[in-house]
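J.: Mind having a look at this structure? Questions to follow.
The values are calculated or read from the model by the stated rules, or taken from the named source; none is laboratory data. What you see is a predicted model, and the numbers here were worked out from it, not measured in a lab. When we count neighbours, we look across all protein chains shown, and the Cβ atoms used for this are built from the backbone with ideal geometry, even at glycine. What goes into the accessible areas is simple: the full protein's heavy atoms, side chains included, and nothing from ligands, DNA or RNA. Shrake-Rupley method; radii C 1.70, N 1.55, O 1.52, S 1.80 Å.
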Amino acid sequence: MNDQFFQPMSGNEMPRFGGIATMMRLPYQPTSEGLDACFVGVPFDLGTSNRTGARFGPRQIRSESVLLRPYNMATRAAPFDSLRVADIGDVASNPYNLQDSISRIESAYDDIIKNGCRPITLGGDHTIALPILRALHKKYGKVGLIHVDAHADVNDTMFGEKIAHGTPFRRATEEGLLDTNRVVQIGLRGTGYEAEDFDWCRQQGFRVVQAEACWNQSLAGLMKEVHAQLSGGPVYISFDIDGIDPAYAPGTGTPEIAGLTVPQALEIIRGAHGLDIVGADLVEVSPPYDPQGTTALLGANLAYELLCVLPGVNYRA
């Protein structure tokens, strides 16, 4: 093993219930300097519209991640053999001021990505996608987007506010952060304020795959189409845990019935392998609504899967 690459701490070195709860028990370092990828938490939920608690998501996801091991037995991905990865801790959001928090997050990500590090973000509510995309745009220009969610998050306002967890992709579109012909939204469902709520997305050029189109089938074929559509430029993946059915992920602020299954979630992420993924987030895990930790455990596994599809990861055939 090459000593330049960090490895998650083995359960044979320290019992999994012991030690400091970094993501996957990786080394902690305070900045992204020298890293190819990093895990970073954004404990923020001032943008939520229903149940708060996503500010506790990063800590609980890290706690549940102690069960994860370095190698992906399904894809043979070996991220820690080819990428230098660490946990760089949390962005210090302002618990009393949403606008200041957005500025803090954007500034933090300017630093995180300036040398090419690709962040895997542990949220936090979905508001955080906007400042992250703002930072990415300064480095990469317009990005394509794979957005998994029960909700389109393209409201113009929420209770009169322009920035909240239901507005980030409307603002990102208006600000020219997204390559709108390379945006795919998967899992949208539920009730709306108007029957045409998802049509705004389609009018911008987004591909919208509602949850009903995903029922009772593999999404491998869909992801081949998505891969072809999004290739040729940088891609960001934004994964809201409420995209998955609340039977599997009850610990979230705005649950919607009849969502994606866990295997479908894995198919979506694994189907993105080979794209130029410049970062990803896993948001809206709200531990107070899942005392068993099932949702955070799922979030930890999905964050690991996101790491496994970053460019440069060694897939061992």
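J.: Whole-Hz Karplus ³J(HN,Hα) for segment 156-167, in order, using 6.51 cos²θ - 1.76 cosθ + 1.60 and θ = phi - 60°, x for Gly and Pro?
T.: 6, 9, 10, 6, x, 9, 7, 10, 6, 6, x, 10
J.: Here's a follow-up. Mind checking which aspartates and glutamates have their Cα closer than 16 Å to the Cα of Lys138? Skip sequence neighbours fewer than 8 apart in that chain.
T.: Glu106, Asp110, Asp111, Glu174, Glu175, Asp179
J.: A further question follows. Taking R0 as 45 Å, what FRET efficiency do you get between Asp197 and Lys114 from their Cβ-Cβ distance, rounded to the nearest 0.05? Don't skip to the answer; put the middle values down first.
T.: Values: r = 37 Å, r/R0 = 0.83.
That pair, Asp197 with Lys114, gives E of 0.75.
J.: Going by alpha carbons, how many degrees (0 to 90, nearest 10) lie between the helix axis of 220-230 and the longest principal axis of the chain?
T.: 80
J.: Give the percent of DSSP beta bridges with both residues in the chain that are antiparallel, rounded to the nearest 5.
T.: Numbers: 3 of 39 bridges.
In the chain, approximately 10 percent of DSSP beta bridges are antiparallel ones.
J.: Take peptides 166-176, 107-117 and line them up by average Cβ neighbours within 10 Å, highest first, as a rough protection proxy.
T.: Numbers: 166-176: 20.5, 107-117: 17.7.
Put in order of decreasing packing, that is 166-176, 107-117.
J.: Pop out the carbon and sulfur fraction of the accessible area of segment 222-317 as a percent, whole number, probe 1.4 Å.
T.: Values: 1780 of 3060 Å².
Answer for segment 222-317 is 58 percent, counting heavy atoms of protein chains only.
J.: Follow-up. Calculate log10 I(q)/I(0) of segment 1-136 for q = 0.09, 0.19 Å⁻¹, where I(q) comes from the Debye formula with a single equal point scatterer on each Cα and nothing for solvent.
T.: -0.28, -1.11
J.: If amide hydrogens are placed 1.01 Å from N in the peptide plane, which non-local residues have theirs closer than 5 Å to the one on Met14?
T.: none
J.: Which cross-chain or sequence-distant (5 or more) residues have an amide H under 5 Å from the amide H of Asp90, H modelled 1.01 Å from N in plane?
T.: The answer is Gly41.
J.: Give the lysines whose C-alpha is closer than 19 Å to that of Lys142, dropping any in the same chain fewer than 8 places away, or say none.
T.: Excluding near neighbours in sequence, the set is Lys114.
J.: Which entry in [x] 41; [y] 25; [z] 36 matches percent of Cα pairs over 30 Å apart derived from the coordinates of this structure?
T.: So the structure-derived entry is [y].
J.: I've got another one for you. So what's the gap between the Cα centers of segment 1-51 and segment 251-281, to the nearest angstrom?
T.: Computed from Cα coordinates, the inter-centre distance equals 20 Å.
J.: Would you work out what percent of the accessible area of segment 8-90, with all protein chains in place, is carbon or sulfur (probe 1.4 Å)? Intermediate results must be reported in sequence, preceding the final value.
T.: Working: 2030 of 3910 Å².
Carbon plus sulfur share of accessible area: 52 percent.
J.: What does the net charge come to around Trp215 if you take all other residues with beta carbon closer than 15 Å to its beta carbon, with K and R at +1 and D and E at -1?
T.: Values: positive: Arg189; negative: Glu212, Asp245, Glu256, Glu267.
Counting the neighbours of Trp215, the net charge comes to -3.
J.: Here is a follow-up. Evaluate the relative contact order of the chain (contact order divided by residue number), counting alpha-carbon pairs under 8 angstrom at least 6 apart; express in whole percent.
T.: Values: 722 pairs, mean separation 70.0, N = 317.
So the answer I get is 22 percent.
J.: Hey, another quick one. For Ser238, what charge total do you get from the other residues with a beta carbon under 9 Å from its beta carbon, if Lys and Arg give +1 and Asp and Glu give -1?
T.: On the way: positive: none; negative: Asp149, Asp153, Asp240, Asp281.
Overall, the nearby charge balance is -4.
J.: Given contacts defined as C-alpha pairs under 8 Å and at least six residues apart, what's the relative contact order of segment 47-154, whole-number percent?
T.: On the way: 63 pairs, mean separation 32.1, N = 108.
Relative contact order here is 30 percent.
J.: In segment 50-91, whose amide N lies under 18 Å from the spot 7 Å out along Cα-to-Cβ of Phe17? List them in ranges.
T.: 63-68
J.: For a quick check: with amide H placed at 1.01 Å from N, whose amide H comes under 5 Å from Val283's, ignoring anything fewer than 5 positions away on the same chain?
T.: Gly123, Phe239, Asp240, Ile241
J.: Oh, and also: Say each of Arg69 and Ala92 gets a label point 7 Å from the Cα, pointing the same way as Cα to Cβ; how far apart are those two points in nm?
T.: For the pair Arg69/Ala92, the computed spacing is 3.9 nm.
J.: May I pose another question? In Å², what does the accessible area per residue of the chain work out to with a 1.4 Å probe? Don't skip to the end; give the middle numbers.
T.: Working: 13090 Å² over 317 residues.
Averaged over the residues of the chain, the accessible area is 41 Å².
J.: Hey, another quick one. Net charge near Gly89, counting Lys/Arg +1 and Asp/Glu -1 over other residues with Cβ under 12 Å of its Cβ?
T.: Numbers: positive: Arg59, Arg62; negative: Asp87, Asp90.
Charge balance in the 12 Å sphere: 0.
J.: Can you order the peptides 53-63, 9-19, 229-239 by their average number of other Cβ atoms within 10 Å per residue, highest first?
T.: Numbers: 53-63: 23.6, 9-19: 12.0, 229-239: 21.1.
Order by mean packing, descending: 53-63, 229-239, 9-19.
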